[in-house]
1. Pulled fully out, how much extra length does the chain show between C72 and S38, if you take 0.36 nm times their separation in residues and subtract their Cα-Cα distance?
2. So if each residue of separation counts as 0.36 nm, and I subtract the Cα-Cα distance between A52 and I65, what length gain in nm does that give?
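Please treat every number below as a calculation from the coordinates, not as lab data. It should be emphasised that the depicted structure is a prediction, and the values quoted were computed from it without experimental measurement.
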Amino acid sequence: MTQQEYDDLDTTDKMIQSLTVGQGAEHIYRYNYDFWFSLIFLLTVAVAIILATFKLGTMLFDIIITQLLAGCYRRNRRY
């Protein structure tokens, strides 16, 4: 995209252009890919998955232990 074509865009298109490929950048045959954004996004998703797995594991552990203790208490109780 040339500077003249960039100047002819409206405000929304300029915002989209600046967020996706950079302001006034010309990309015809290749992309200027930002790996820092991908790395940060990958790390954020990995942390979220790890925390969700930990939360799910602790919740299942609590449920299983509670059920086992309730079962043991019920079997040992005499009427």
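1. Working it through step by step, the gained length comes to 7.2 nm.
2. So the extension gain works out to 2.7 nm.
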